[in-house]
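The values are calculated or read from the model by the stated rules, or taken from the named source; none is laboratory data. Given the structure is predicted, the values throughout are model-derived calculations rather than measurements. Neighbour counts are summed over all protein chains in view; Cβ atoms, including those assigned to glycine, are modelled from backbone coordinates with ideal geometry. To get the accessible areas, we keep the full protein, side chains included, count just its heavy atoms, and leave off ligands, DNA and RNA. Shrake-Rupley method; radii C 1.70, N 1.55, O 1.52, S 1.80 Å.
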Amino acid sequence: MAEIINNPSTMERIREEIDSVVGKSRLIQETDLPNLPYLQAVVKEGLRMYPPIPVFGRRLQEGCVMGGFYVPEKTTLVVNGYAVMRDSDYWEYPDDFKPERFLSSSRSEQEDATKEKVLKYLPFGSGRRGCPGTNLAYILLGTAIGMMIQCFDWKIEGDKVNMEETLSGMVLTMAHPLKCTPIPRGLPIIKDP
Ligand code: HEM
């Protein structure tokens, strides 16, 4: 939401997509998500830049060679998913919020589809111990963000949201929690209390 608020053109594009696919007379629901590729791309880009679990670990059951180094059994390996997803060797303009990179029509997205396969997109970890809640998370995030954009404008104090990050335990979070005020868009689906 913070990146969407900081990028009004993104907010506008999500809203146009929802208004044309869902309309203004009913709320977005999870079955709409496959028809909302830009919204899905925004969710993916948010998770690329701000993975809530930035590092995850593995313990080696047997020794093996990694990147030319022998790593003995029982070694604990910590994968820095945050660093991988901000690595300019794998991502164009890694520090820029660019949901378009995940749209299948763009060339860079096709490259990213390959990159996903070779483990460059890691907000949910990877492999057999990868997050089993991935699909549920995408559905919850897509519908929650979709509804917030469909129904409200968002006002903040000042020009930009401060995007500074911090760790709370092992969880990546905003250093300054997002404070914003929802302004109803006046759609017929939002009833006065
Ligand atoms: C945005 C939301 C979420 C994010 C970013 C996230 C991220 C992650 C990550 C990075 C891991 C470690 C994966 C690895 O070691 O390869 C993980 C593990 C796990 N996640 Fe999620 N997760 C999310 C939502 C959920 C949800 C909704 C559920 C369940 C309903 C869930 C259940 C689990 C479980 C049970 C594990 C442990 C899997 C194992 O150790 O085998 N997660 N998650």
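Filtered by the rule that a residue be open to solvent by 60 Å² or more (accessible area, probe 1.4 Å) and not in a helix (DSSP H, G or I), the range 138-157 gives D153, K155, E157. The condition of being within 16 Å of the ligand (Cβ to nearest atom) and open to solvent by less than 60 Å² (accessible area, probe 1.4 Å) holds for only one of L172, L167, that being L172.
Each residue in the range 69-90 was checked for being assigned to a loop (DSSP other than H, G, I, E, B) and at pLDDT 95 or above, and 7 of them qualify.
The single residue among L39, L33, L77, L27 that is open to solvent by 20 Å² or more (accessible area, probe 1.4 Å), out of contact with any strand residue (DSSP E or B) (no Cβ under 9 Å at 6 or more places or on another chain) and hydrophobic (A, V, I, L, M, F, W, C) turns out to be L27.
Beta carbons closer than 8 Å, at least 6 apart along the sequence or on distinct chains, pair a first residue in the range 118-136 that is under 23 Å from E30 (Cα atoms) and β-branched (V, I, T) with a second that is part of a loop (DSSP other than H, G, I, E, B) and within 6 Å of the ligand (Cβ to nearest atom) for T134/F124. Here the range 42-59 is the region considered, the condition is being open to solvent by less than 40 Å² (accessible area, probe 1.4 Å) and closer than 15 Å to M174 by Cβ, and the residue that is farthest from the ligand (Cβ to nearest atom) is M49.
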